[in-house]
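The structure appears below as structure tokens.
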Amino acid sequence: MTPALEKFWPETFRYAKRFSPFYRDFFRGIKGVPLLEQLPTVDKTALSERNLDFLCVPRQRIAEIVTTSGTTGKPLLWMLTESDVKRLASNEKISFECAGLTARDTVLVAVALDRCFIAGLAYWQGLRELGCAVVRVGASSSMLVLEMIERIQPTAIVAVPSFLRVIADKASESKFDLKHCSIKRAVCIGEPIRAGTFKLNPSGRLIEQAWGAKVYSTYGVTELANSLCECSAGQGGHLHDAMLHLEILDDAGQPLPDGEVGEIVATTFGVEAMPLIRYRTGDCAAIFHARCKCGRTTPRLGPILGRKLQKLKFKGTSLFPSTLQAVLEETKGVDSFAVVARAEDELSDAIEILFHGKASASALREAIQARTKITPLIRHASRATIEALQMPPQARKRRTFVDLR
Ligand SMILES: [Zn+2]
């Protein structure tokens, strides 16, 4: 048991069992304070079925109401008391300190502060707590971001990687010298900038190159009101263990050793409105406990490799679509692609890769084999075929992984 767990777990358990209607039922009959690892886990289905039964305080104590991102199913309502908002701010402050920001920084917050998202609120509060000057430039106009860079000379930006790439395109179109601008750090949220090996992926490399800035990955989950940010060593997001406890579990619910990828299961500490105990996030990553190059001794969470539901089975091995996507993005002569998964049998999914571009299918097969040890079907396809797979009717977001299982 870690010192933080020893310190915060008993109170977390007693509080949730006493005040949350969900946990009162869930833990009925349990006497005393059990070991955390002995309790059952809770997934998103339970959260959506009994959303407001997780609430531990009367409604008049609520200060902010946000929604979850809703990548799976309907977005959940998530509520925070004044003290939860302060906890959020203090968590973000520590996160930004990890990324090397100080009170001397001027920071562009290029994410939405509205639309019920928690992220913009969290970054804004955390940067203010740190003493930075904050520019809430938002994520709707790349021109506005460039204009503010020119007028204010900010030193850092917080944004989604794809928006940072859009701004870079706009800059090169309008002959704006982004590479030598005042921004020295880009804190990246929501999309991966590193592969499982911690190496920057094409998106991360492109951003560092175009912006002349160092990228820092940060991972957050609305329901946990928490985020983990990398330090300049870029070896995973540092956990603030007084606010959050993480476990990495395999498919059977057993804990995995350091470096092995499994589902992130989280327990929040110090949350008043909607605390969570052994919550299965559905995201997969590995955890590392060795001391970091920066000197911090807190655990680090590696890059998010994908959703647990997306995990592919191929003749006894398993892998995430993100591994295949990374190879395809890095192979020269691949202009566009789609990774298609179909159900085959118990042990294997049928995986087919369609690509458009000058690359040869056999070179691509070799590159994939070298990285993943699997040999999926690979075939050349027209731009239109791939476009139709990436953007089916009613799709809101382009996808390169098509799950037909
Ligand atoms: Zn570090």
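Considering only protein heavy atoms and a 1.4 Å probe, what is the carbon-and-sulfur percentage of the accessible area of segment 312-405? Intermediate values should be presented prior to the final figure.
Values: 2840 of 5440 Å².
Roughly 52 percent, rounded to a whole number.
Using a simple charge model, +1 on the beta-carbon of Lys and Arg, -1 on the beta-carbon of Asp and Glu, nothing else, what dipole does the chain show about its Cα centre, in debye to the nearest 20? Don't skip to the answer; put the middle values down first.
Working: 54 positive and 44 negative charges, 62 e Å.
I would put it at about 300 debye.
When a/c is below 1.5 the answer is rounded, else prolate if a/b is larger than b/c, else oblate, so apply that to the chain with a ≥ b ≥ c taken from the square roots of the Cα gyration tensor eigenvalues.
Working: a/c = 1.76, a/b = 1.18, b/c = 1.49.
It is oblate, given that a/c is not under 1.5 and a/b is not larger than b/c.
Once you've got the Cα coordinates, tell me which of K170/K311; K332/K373; K31/K74 are over 26 Å apart. Display every interim value, and only then the final one.
Working: K170/K311 35 Å; K332/K373 20 Å; K31/K74 35 Å.
Beyond 26 Å between Cα atoms: K170/K311; K31/K74.
Choose one of L52, G253, I30: the residue whose Cα lies farthest towards the positive end of the charge dipole of the chain (beta-carbon charges +1 Lys, Arg; -1 Asp, Glu; about the Cα centre).
Ranked along the dipole, the leading option is L52.
If you put +1 on each Lys and Arg Cβ and -1 on each Asp and Glu Cβ, how big is the dipole of segment 83-305 around its Cα centre, in Debye rounded to 20?
About 740 debye.
Can you give me the C-alpha center-to-center distance between segment 25-52 and segment 228-244, rounded to a whole angstrom?
Their Cα centres are 27 Å away from one another.
With all protein chains present, how much of the accessible area of segment 83-305 (probe radius 1.4 Å) comes from carbon and sulfur, to the nearest whole percent? All intermediate terms of the calculation are to be shown ahead of the outcome.
Numbers: 4450 of 8660 Å².
Using a 1.4 Å probe with all protein chains present, segment 83-305 comes out at 51 percent carbon and sulfur.
For segment 83-305, report the accessible area per residue in Å² (1.4 Å probe, heavy atoms, rounded to an integer).
On the way: 8660 Å² over 223 residues.
Per residue, segment 83-305 has an accessible area of 39 Å².
Between segment 173-198 and segment 106-148, what's the alpha-carbon centroid distance in Å?
If you average the Cα positions of each part, the centres end up 16 Å apart.
Got a sec? What order do K332, K86 fall in by accessible area at 1.4 Å, biggest, i.e. largest, first? Before the final figure, lay out each step's value.
Values: K332 180, K86 130 Å².
Reading off the accessible areas and sorting them downward yields K332, K86.
Under 13 Å from a label point 7 Å along Cα→Cβ of R104: give me every residue in segment 151-185 with its amide N that close.
155
Starting from the amide H of F269, placed 1.01 Å from N in the peptide plane, find each other amide H under 5 Å away whose residue is 5 or more places distant or on another chain.
Hits under the 5 Å cutoff: L244, H245.
Going highest first, how would you order 27-39, 124-136, 254-266 by mean Cβ packing within 10 Å? Walk me through the intermediate numbers first.
On the way: 27-39: 11.0, 124-136: 19.0, 254-266: 16.8.
Highest mean packing first, the order is 124-136, 254-266, 27-39.
Assuming a ≥ b ≥ c are the square roots of the Cα gyration tensor eigenvalues, decide whether segment 298-405 counts as rounded (a/c under 1.5), prolate (otherwise, with a/b larger than b/c) or oblate.
Rounded is the answer for segment 298-405, as its axis ratio a/c remains below 1.5.
Among H289, S90, L224, whose Cα projects farthest towards the positive end of the dipole of the chain, with charges put on the beta-carbon of Lys, Arg (+1) and Asp, Glu (-1)?
S90
With a ≥ b ≥ c taken as the square roots of the eigenvalues of the C-alpha gyration tensor of segment 178-292, please select rounded if a/c is under 1.5 and otherwise prolate if a/b is larger than b/c or oblate if it is not? Present the calculation step by step, with values, prior to reporting the outcome.
Numbers: a/c = 2.42, a/b = 1.69, b/c = 1.43.
The shape class here is prolate.
Would you rank E230, E366 by solvent-accessible area, highest first, keeping every protein chain in place and using a 1.4 Å probe? Intermediate results must be reported in sequence, preceding the final value.
On the way: E230 5, E366 125 Å².
Accessible-area ranking of E230, E366, largest first: E366, E230.
For labels at D258 and R342 in the simple 7 Å Cα→Cβ model, what's the distance in nm?
A separation of 4.4 nm, rounded to one decimal place.
Give K86/K313; K93/K308; K17/K397 a once-over and call out the pairs whose C-alpha atoms are over 32 Å from each other.
From K86/K313; K93/K308; K17/K397, over 32 Å: K86/K313; K17/K397.
The values are calculated or read from the model by the stated rules, or taken from the named source; none is laboratory data. Just so it is clear, the model here is predicted, and its values are computed rather than measured. No Cβ is skipped: glycine too gets one built from the backbone with ideal geometry, and neighbour counts run over all protein chains shown. Remember, those area values only see protein heavy atoms, side chains included, never the ligands or the DNA or RNA. Shrake-Rupley method; radii C 1.70, N 1.55, O 1.52, S 1.80 Å.
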